[in-house]
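Trainee: Below: one structure in structure tokens.
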Amino acid sequence: MSVDRSTVVRVAHLARIRVAEEEVDKLQGELNSILGFVEQLAELDVTDVEPLTSVVPISMKKRADVVNDGGIPKKVTANAPLSEDDFFVVPKVVE
Amino acid sequence: MTDLTALTIAEARDALAKKDFTALELTDAYLGAMEKARALNAYVLETPEKARAMAAASDARRAEGRVGPLEGIPLGVKDLYCTEGVRTTACSKILDDFVPPYESTVTSNLWADGAVMLGKLNNDEFAMGSSNETSCFGPVVNPWRRKAADGSIDPTPLVPGGSSGGSSAAVAAHIALGATGTDTGGSIRQPAAFTGTVGIKPTYGRCSRWGIVAFASSLDQAGPFARTVRDAAILLKSFASVDPKDTTSVDLPVPDYEAAVGTSIKGKVIGIPREYRVDGMPAEIETLWSQGIDWLRAAGAEIREISLPHTKYALPAYYIVAPAEASSNLARYDGIRYGLRVTGDDITDTYELTRAAGFGSEVRRRIMIGTYVLSAGYYDAYYVRAQKVRTLIKRDFDLAFQAGVDAVLTPATPSSAFGIGEKSGGDPVEMYLNDIFTVTVNMAGLPGMVVPGGLDAKGLPLGLQLIGRPFEEETLFQVGEVIEQAAGRFTPAKWW
């Protein structure tokens with residue numbers, strides 16, 4: 001399988017990465033090179049093979065449903081590009 | 001006084017115990033060496049004040065008789081590990097000047113055991129790369145240089161491997177006594193091979209991933225770099241822990257790895273996989289591999305040829321699984337809560353502009369591949385198929401271990417270190433092929449260690465890789481020590 005120009009643009013939008021018009025051709029070539037490389041997996045018969053979901057045979061640990069952290073809004077917002085009164089400030093989302 | 005930076009961790013530990021010198025003197029020796037080695041670009045942030053304070057605190061503890069397993073040992077930390085109050089960037093512009101308000105579990109363990117932090121080490125952006133050339137702080141220079149045919153030294157700067165290139169270069173250049181690394185497809189073992197250092201990727205689940213910037217969560221694992229097998233064993237004991245904050249951290253007691261170093265390997269079965277003989281592999285690597293086999297046989301191991309038939313599919317499957325997980329993990333970098341923000345007309349515009357400005361080209365490529373293989377209509381053809389292939393890769397190893405194999409010996413890399421810029425041009429796949437021998441280990445979640453085996457005709461180090469059964473890192477230290485004793489240790493000639 002290979003990707004065309006419009007797929008590159010669509011995937012970039014899905015990934016929320018702005019791609020300039022003049023970059024599309026180069027990206028298309030690079031993505032197709034990688035997709036061409038992974039194509040060899042099609043040679044394998046994987047009927048009746050279960051997909052691997054965990055490399056170690058353990059069941060997911062669950063922690064007790066209790067509050068064990070919190071009350072640190074200053075720490076949480078300390079690295080925000082823009083914050084006010086312990087809130088993150090974002091561009092207007094709702095009209 | 002002799003050069004304190006020449007000592008191993010084990011030697012420094014014993015000398016500190018005998019009060020031959022203080023932790024502060026040892027740390028100062030390293031801080032001095034770091035200052036002179038800035039041409040290597042191994043550190044992206046030196047923390048001399050913190051280092052001296054930690055060393056002084058270590059001396060104070062020792063005076064009170066409180067001595068941890070790493071008491072006074074100065075270490076470098078890969079910039080993928082969050083360090084409280086110390087800038088952490090993953091060597092990406094998108095994290096900007098992020099200062100974590102928390103400490104990763106692994107580094108917490110190291111400081112609790114008495115270690116001293118020298119600074120943060122360079123790496124490929126978000127650990128995506130095999131040469132440390134994708135870092136937003138620029139490439140790291142390998143302390144090793146090639147010898148020309150006439151025996152003269154070629155000053156062409158070489159890569160230290162990646163993604164943990166700052167870690168490997170710092171340990172090789174004696175500007176850190178040990179270092180932390182992370183390994184998703186070979187990011188500890190390949191740089192160890194390129195710099196003549198020892199690196200181990202433990203079993204998935206052995207070390208906590210909490211507080212380490214995530215790349216591909218089902219493959220990422222923390223591990224140490226050191227100059228000797230014994231030092232790596234000492235470090236791993238402190239790295240490893242059971243951590244309730246990482247749901248994949250496994251509830252198994254941490255063994256005393258150092259106790260395994262130097263014990264007999266008589267009767268151990270070492271598997272030699274025929275699929276690791278690849279086309280175009282330099283004869284020197286083949287020779288080194290045979291040499292390694294002879295060393296282990298001479299030490300009493302039983303050598304057995306084995307087959308791991310799905311080896312060639314590990315790398316293509318990896319380049320589906322790893323980007324898929326990365327595209328999901330890196331969705332968090334949106335310019336809202338931390339890091340860089342480029343303000344656009346609306347929220348989507350802000351996301352897109354921020355991520356375009358913040359991610360480098362390799363990271364962008366991998367996010368896009370990951371997004372594509374997870375998108376509607378392609379998920380089964382790519383992602384599910386790759387995860388099925390992963391089952392087959394793991395089964396190959398399971399069968400070998402069930403048949404009695406204790407460890408597998410392979411070459412670490414298909415070549416020695418290459419020049420900066422030599423492989424970072426056109427086709428991304430050319431760079432990916434560096435990890436052809438290491439990536440299977442991550443896909444199967446196994447422990448893998450690289451030990452220097454010798455130098456090639458250009459005078460550059462080559463490594464041998466040992467792959468073990470899950471949670472049997474002790475076997476790797478045992479067998480690795482035999483290789484180190486036979487091969488010797490390798491130190492680059494100082495030019496910086």
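The values are calculated or read from the model by the stated rules, or taken from the named source; none is laboratory data. Nothing here was measured: the structure is a model prediction, and the numbers come from that model. All Cβ positions, glycine included, derive from the backbone under ideal geometry; neighbour counts span all protein chains shown.
Trainee: Could you tell me which of the residues B:Val159, B:Val140, B:Val198, B:Val171 is touching a Pro at 6+ places or on another chain (Cβ under 6 Å) and under 19 Å from B:Ala417 (Cα atoms)?
Mentor: Exactly one residue qualifies, and that residue is B:Val140.
Trainee: Follow-up question, since we're still on this one. Identify, from the list B:Thr88, B:Thr27, the residue that is farther than 16 Å from B:Gly178 by Cα and either modelled with pLDDT under 95 or surrounded by 16 or more Cβ atoms within 10 Å (Cβ to Cβ) (or both). If you could, list the steps in order and put the result at the bottom.
Mentor: Working: B:Thr27 fails: farther than 16 Å from B:Gly178 by Cα.
One residue alone meets the criteria, B:Thr88.
Trainee: What is the residue count in the stretch A:44-61 for residues that are more than 14 Å from B:Gln387 (Cα to Cα) and within 8 Å of another protein chain (Cβ to nearest Cβ)?
Mentor: Looking only at that region, the number is 4.
Trainee: Out of the residues in the stretch B:415-440 that are away from chain A (no Cβ under 13 Å) and over 16 Å from the mean Cα position of the chain (by Cα), which is surrounded by the fewest Cβ atoms within 10 Å (Cβ to Cβ)?
Mentor: Checked the stretch B:415-440; the qualifying residue surrounded by the fewest Cβ atoms within 10 Å (Cβ to Cβ) is B:Gly421.
Trainee: Of all residues in the stretch B:276-314 being of a type in the set (S, T, N, Q) and either closer than 23 Å to B:Arg390 by Cβ or in contact with a helix residue (DSSP H, G or I) (Cβ under 9 Å, 6 or more places away or on another chain) (or both), which is surrounded by the most Cβ atoms within 10 Å (Cβ to Cβ)?
Mentor: Applying the first criterion (of a type in the set (S, T, N, Q)) to the stretch B:276-314 yields B:287, B:290-291, B:307, B:311.
Next, from what is left, pick out any that are either closer than 23 Å to B:Arg390 by Cβ or in contact with a helix residue (DSSP H, G or I) (Cβ under 9 Å, 6 or more places away or on another chain) (or both): B:291, B:307, B:311.
Values: B:Gln291: 17, B:Ser307: 13, B:Thr311: 20.
Selected residue: B:Thr311.
Trainee: Still on this structure, please answer the following. How many residues does the stretch B:108-128 hold that are in contact with a Cys (Cβ under 8 Å, 6 or more places away or on another chain) and part of a helix (DSSP H, G or I)?
Mentor: 2
Trainee: Kindly establish whether B:Val250 is within 14 Å of chain A (Cβ to nearest Cβ), in contact with a Phe, Trp or Tyr (Cβ under 9 Å, 6 or more places away or on another chain) and outside any loop (DSSP other than H, G, I, E, B).
Mentor: Against the criterion (within 14 Å of chain A (Cβ to nearest Cβ), in contact with a Phe, Trp or Tyr (Cβ under 9 Å, 6 or more places away or on another chain) and outside any loop (DSSP other than H, G, I, E, B)), B:Val250 does not qualify.
Yes or no, residue by residue, for (1) without any contact (Cβ under 8 Å) to a residue 40 or more places away in the chain; (2) out of contact with any strand residue (DSSP E or B) (no Cβ under 8 Å at 6 or more places or on another chain):
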{"position": "B:Asp28", "(1), (2)": "yes, yes"}
{"position": "B:Ala42", "(1), (2)": "no, no"}
{"position": "B:Thr47", "(1), (2)": "no, no"}
{"position": "B:Lys50", "(1), (2)": "no, no"}
{"position": "B:Ala60", "(1), (2)": "yes, yes"}
{"position": "B:Gly65", "(1), (2)": "yes, yes"}
{"position": "B:Pro69", "(1), (2)": "no, yes"}
{"position": "B:Asp96", "(1), (2)": "no, yes"}
{"position": "B:Glu103", "(1), (2)": "no, no"}
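Trainee: For the stretch B:265-278, which residues satisfy the criterion of being farther than 23 Å from B:Ser187 by Cα and without any contact (Cβ under 8 Å) to a residue 40 or more places away in the chain?
Mentor: B:Lys266, B:Gly267, B:Arg274
Trainee: A further question follows. So is A:Val90 closer than 25 Å to B:Ile436 by Cβ and touching a helix residue (DSSP H, G or I) at 6+ places or on another chain (Cβ under 9 Å) or not?
Mentor: no
Trainee: Let me ask something else about it. Quick one: would you say A:Thr77 is of a type in the set (S, T, N, Q) and surrounded by 10 or more Cβ atoms within 10 Å (Cβ to Cβ)?
Mentor: Yes: the conditions hold for A:Thr77.
Trainee: Ok, one more. Find the strands (runs of 3 or more DSSP E) located wholly in the stretch B:143-228 whose residues include 2 or more that are touching a Cys at 6+ places or on another chain (Cβ under 9 Å) and either under 25 Å from B:Ala37 (Cα atoms) or touching a residue at least 24 places away in the same chain (Cβ under 8 Å) (or both), and list them.
Mentor: Correct list: B:221-226.
Trainee: Condition check: assigned by TED's automatic domain parsing to the domain that holds B:Ile212 and either over 30 Å from B:Cys91 (Cα atoms) or touching a Phe, Trp or Tyr at 6+ places or on another chain (Cβ under 7 Å) (or both). Does B:Ala56 satisfy that?
Mentor: Working: assigned by TED's automatic domain parsing to the domain that holds B:Ile212: yes; either over 30 Å from B:Cys91 (Cα atoms) or touching a Phe, Trp or Tyr at 6+ places or on another chain (Cβ under 7 Å) (or both): no.
The answer is no for B:Ala56.
Trainee: Here's something else I'd like to know. When you check A:Ser2 against the structure, is it modelled with pLDDT under 95, surrounded by 15 or more Cβ atoms within 10 Å (Cβ to Cβ) and either farther than 24 Å from B:Leu446 by Cβ or among the β-branched types (Val, Ile, Thr) (or both), yes or no?
Mentor: Against the criterion (modelled with pLDDT under 95, surrounded by 15 or more Cβ atoms within 10 Å (Cβ to Cβ) and either farther than 24 Å from B:Leu446 by Cβ or among the β-branched types (Val, Ile, Thr) (or both)), A:Ser2 does not qualify.
Trainee: When A:Gly71 is evaluated against the numbered criteria (1) part of a loop (DSSP other than H, G, I, E, B); (2) facing chain B (nearest Cβ under 8 Å), which criterion, by number, is the only one it fails?
Mentor: Failed condition: (2).
Trainee: Another question about this same structure. Applying the selection to the stretch B:335-363, what residues are facing chain A (nearest Cβ under 7 Å), under 22 Å from B:Pro323 (Cβ atoms) and part of a helix (DSSP H, G or I)?
Mentor: Once the filter is applied, which keeps residues that are facing chain A (nearest Cβ under 7 Å), under 22 Å from B:Pro323 (Cβ atoms) and part of a helix (DSSP H, G or I), the stretch B:335-363 yields B:Tyr351, B:Glu352, B:Arg355, B:Ala356.
Trainee: Quick check on B:Gly459: is it part of a strand (DSSP E or B) and over 30 Å from A:Pro57 (Cβ atoms)?
Mentor: The answer is no for B:Gly459.
Trainee: Which residue pairs have Cβ atoms closer than 6 Å, lie 6 or more positions apart in sequence or on different chains, and pair a first residue in the stretch A:7-27 that is at the interface with another protein chain (Cβ under 9 Å from one of its Cβ atoms) and free of Cβ contacts under 8 Å to residues at least 24 places away in the same chain with a second residue that is buried (at least 19 other Cβ atoms within 10 Å of the Cβ) and assigned to a loop (DSSP other than H, G, I, E, B)?
Mentor: What qualifies is A:Ala12/A:Val19.
Condition check ((1) more than 14 Å from chain A (Cβ to nearest Cβ); (2) in a helix (DSSP H, G or I); (3) within 18 Å of B:Val405 (Cα to Cα)) across all residues:
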| site | (1), (2), (3) |
| --- | --- |
| B:Glu286 | yes, yes, no |
| B:Ile303 | yes, no, yes |
| B:Ile320 | no, yes, no |
| B:Pro323 | no, yes, no |
